[in-house]
C-alpha cells in the first residue's frame, strides 16, 4: 500500500481576516486562486474594523453616536469588507471560516484549526500569516486585578459590545491608540479622571527629525486629539513612571510618580496601553526565524520585503522549502493602511510563487513604503513606557502561573539560563496563554541577569499553541496518512479478542494506518 | 465599571451560574459578564485570585469560563447562544469530580 502526500485543500491558506488578510484574499481570489481564510472572530475586519458590518447597519441613536465616535478611520474598512464578502459566497474563491482558531502551522503549509468542537488540518500550497498584533505586555504591580484592562480591550467593548466605561476611569501609558481611545470616550460622554502619559515632551522633540510628509496628517490628528482632551478639561500628565494598581478583589486606586512626586487616585477602571507589537505566537511555533526590533523592544518575524519567512528548524525536523509568508502588523507594525498595502504585495508574491505573474509590482511596494514612512516618527514620539524598565521582584510576570520577576530572577541565578530550562523549571509560559503575556519579560530578565546581548531568545513553541478539547483531538480530520499510525486498545496483546471477524493473521499493518479523513 | 451604550438588541437568554441573563445576539460571553458587572469570571488555580477579561482579543486567556460543560473556554471569543450555560471557574477543578453536567 502506498501512501501519497495529501493534496492541498487550497492554493493559499490565510490566517487572520483583518486589513492585510482580507486584502490578500481579495487580490488572490481576483486572480482566480482558491483561498481558505481562518479567523478567530465571528465577522471579517480584524481588530481595527471589528464588528463594522453590524455597526454600519445600526440606525439607532446609540449606534449612530458610536459610529460618529469611532470616526472615519473605522468606517474606512467598509469597502474592503464588502469586496471580501463578494468573494466569500459559495464557490466564489474565498472559503471563509470565522470563529476558527489556529493551533499549529508548519513550514510546509499545514495548518491546524479548531472550530467549536471540530478540529483538523488544512494544507495550502502557500500560507499567509496575517494574524496581526497584540498590545505590548506591561507588567506592573496590580496589573492582574479585575478593573485593569488594555486600551484595545476597551475599544473592543465599544465596537463589539456597545459597552462604555463608567465610574472613575484612569488611562495610563503611551501611543496613538491611547490618545484615540481617550477622544472616543470623551465623544461618548465619558470623562476620564486622568490621562497619564509615559511619553515626554523631549520624546516629541527627538521624534521631530523623523517627521516626513506622510507624518504631517497623523501629527495634526494627534494634536487635535490632545487639544480636544484639554478643552474637555481632562487632566493630562506626561512622564508618568512606576504605575501601580491597588485593591483587594479589584482596582480601588492607582498610584504613580510624575516629576518626582508620588500621587494616588481613586479608580474603578484603569486602562493601560504601551503600544502594539507583532504577535509572534504563530511564527515562533512554526519555527520561523525571529529578529529583535530594538526601538520597539519586540520580536518580529525575519522576512523578505514580500513577507517570506525562513525556517529556523534543524534539517532533521524540517528540510523542505518554507511556504510561509507574514503580512500586516504581524510582520511589522504599521497600522491598517500599511497592512492593506502589504497584503497586496504578499498576494502578488504568492501569485508569482504559484507561477502566476511577476511578483510584487513597484506601485504596490511604493504604497507599503509610503504607509510605513510615518512609523519612525511615531516610534520616537511614543517609546515603550510602562514596560521600559524591568519589573521589580514583587511584580507578577507570568499571569497564568502567577510567577513574579523575583521568582524568575532567583531561578535564573540558580542556573536556569535558557528560556526552555526556565520554562520547564518554573512553568513560566506553560499556562493557557502559552507565554503570550510573559515571554518577552522573561527573555529580558534572562538577558539582564546573564548580561547577554542581541536577539533575546524565545521559548521553543510547540503545538497546540491554543488549547484544544480532547474530544476534538480524537476526531482530527485532514491527518497526513504518511505520518499517522492508529493504534486501538484491541492492538494491545492482552486485550486482543480470542476470535472474531476482525482478528486473525489477515489483520495486516496497513489496516492500522488511518485513512485521510475528509 | 461599564454601562450600556444602548438597549439590548435581538435578545438571547443564557445562564451564568444558573442565573438567566439577556445579551444582544452576536455579543461575546465576556461582554455579557462585564455588562452584568460580575466581579470575576474565574478564580485562578494557583492562588485563587479573581480575574476579569484583560485583552478581549484572545491573547491573555484571563476570561476563561466553563461553557456548556467544557472548561477553560475563552469567553471573549465565544458568541452567546440561546440557552448557553456558563459557569465561572473557581480555582483548579478537582481531578476526579464527575465533570459531565
Worksheet item: For the range A:365-377, does any single residue satisfy the condition of being touching a strand residue (DSSP E or B) at 6+ places or on another chain (Cβ under 6 Å), crowded, with 24+ Cβ neighbours inside 10 Å and over 20 Å from residue A:134 (Cβ atoms)?
Response: no
Worksheet, complete the sentence: Only unsatisfied item for residue A:17, checking (1) within 14 Å of chain B (Cβ to nearest Cβ); (2) touching a helix residue (DSSP H, G or I) at 6+ places or on another chain (Cβ under 7 Å); (3) crowded, with 24+ Cβ neighbours inside 10 Å, is (2)
Item to complete: Select from the range A:194-219 the residues that are modelled with pLDDT of 90 or more and not in a helix (DSSP H, G or I) and list them in ascending order.
Response: A:194, A:195, A:196, A:197, A:198, A:199, A:200
Worksheet item: Considering A:143, A:103, which residue is at pLDDT 95 or above, within 14 Å of chain B (Cβ to nearest Cβ), in contact with a strand residue (DSSP E or B) (Cβ under 7 Å, 6 or more places away or on another chain) and not in a loop (DSSP other than H, G, I, E, B)?
Response: A:103
Fill in: Residue ID - farthest from residue A:41 (Cα to Cα), chosen from residues in the range B:65-94 that are part of a strand (DSSP E or B) and more than 10 Å from chain A (Cβ to nearest Cβ)
B:90
Item to complete: Determine if the range A:39-46 includes at least one residue that is in a helix (DSSP H, G or I) and either at positive phi or out of contact with any helix residue (DSSP H, G or I) (no Cβ under 7 Å at 6 or more places or on another chain) (or both).
Response: no
Practice prompt. Would you be able to say whether some residue in the range A:326-349 is within 14 Å of another protein chain (Cβ to nearest Cβ) and either at pLDDT 95 or above or closer than 27 Å to residue A:179 by Cα (or both)?
Written response: yes
Worksheet item: Does residue A:32 satisfy the condition of being at positive phi, without any contact (Cβ under 8 Å) to a residue 60 or more places away in the chain and part of a loop (DSSP other than H, G, I, E, B)?
Response: no
Practice prompt. Test each condition in (1) out of contact with any strand residue (DSSP E or B) (no Cβ under 8 Å at 6 or more places or on another chain); (2) in contact (Cβ under 8 Å) with a residue 24 or more places away in the chain; (3) in a helix (DSSP H, G or I); (4) farther than 25 Å from residue B:47 by Cα for residue A:490 and report the one that comes out false.
Written response: (2)
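For the range A:219-233, which residues satisfy the criterion of being touching a residue at least 12 places away in the same chain (Cβ under 8 Å) and farther than 11 Å from residue A:179 by Cβ? Steps first, please.
Within the range A:219-233, the first condition is being touching a residue at least 12 places away in the same chain (Cβ under 8 Å), and the residues that meet it are A:219, A:222, A:225-226, A:228-229, A:232-233.
Result: A:219, A:232, A:233.
Condition check ((1) part of a loop (DSSP other than H, G, I, E, B); (2) at pLDDT 70 or above; (3) in the same structural domain as residue A:296 (by TED's automatic domain parsing); (4) surrounded by 15 or more Cβ atoms within 10 Å (Cβ to Cβ)) across all residues:
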| site | (1), (2), (3), (4) |
| --- | --- |
| A:412 | no, yes, no, yes |
| A:417 | yes, yes, no, no |
| A:440 | no, yes, no, yes |
| A:445 | no, yes, no, yes |
| A:459 | yes, yes, no, yes |
| A:467 | yes, yes, no, yes |
| A:499 | yes, no, no, no |
| A:502 | yes, no, no, no |
| A:517 | yes, no, no, no |
Worksheet item: Given the structure, is residue A:224 surrounded by fewer than 16 Cβ atoms within 10 Å (Cβ to Cβ), more than 14 Å from every other protein chain (Cβ to nearest Cβ) and in a helix (DSSP H, G or I)?
Response: yes
Response to the item:
The correct count of residues that are in contact with a strand residue (DSSP E or B) (Cβ under 7 Å, 6 or more places away or on another chain) and surrounded by fewer than 20 Cβ atoms within 10 Å (Cβ to Cβ) in the range A:395-410 is 3
Response to the item:
For the range A:300-348, the count of residues that are in a helix (DSSP H, G or I) and in contact with a strand residue (DSSP E or B) (Cβ under 7 Å, 6 or more places away or on another chain) equals 3
Worksheet, complete the sentence: Filtering the range B:22-64 down to residues that are within 7 Å of chain A (Cβ to nearest Cβ), in a loop (DSSP other than H, G, I, E, B), in contact with a helix residue (DSSP H, G or I) (Cβ under 8 Å, 6 or more places away or on another chain) and in contact (Cβ under 8 Å) with a residue 24 or more places away in the chain yields B:26, B:27, B:56
Practice prompt. Taking only the range A:159-189 into account, find how many residues are under 17 Å from residue B:33 (Cβ atoms), touching a residue at least 60 places away in the same chain (Cβ under 8 Å) and crowded, with 24+ Cβ neighbours inside 10 Å.
Written response: 2
Discussion item. On the basis of being in contact with a helix residue (DSSP H, G or I) (Cβ under 8 Å, 6 or more places away or on another chain) and at pLDDT below 95, does residue A:380 make the cut?
Written reply: yes
Worksheet item: When only residues in the range A:49-68 that are buried (at least 18 other Cβ atoms within 10 Å of the Cβ) and assigned to a loop (DSSP other than H, G, I, E, B) count, which is farthest from the other protein chains (Cβ to nearest Cβ)?
Response: A:49
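The values are calculated or read from the model by the stated rules, or taken from the named source; none is laboratory data. Predicted model only: the values in this text are computed from it and were never measured. Backbone-built Cβ (ideal geometry, glycine too); neighbour counts: all protein chains shown.
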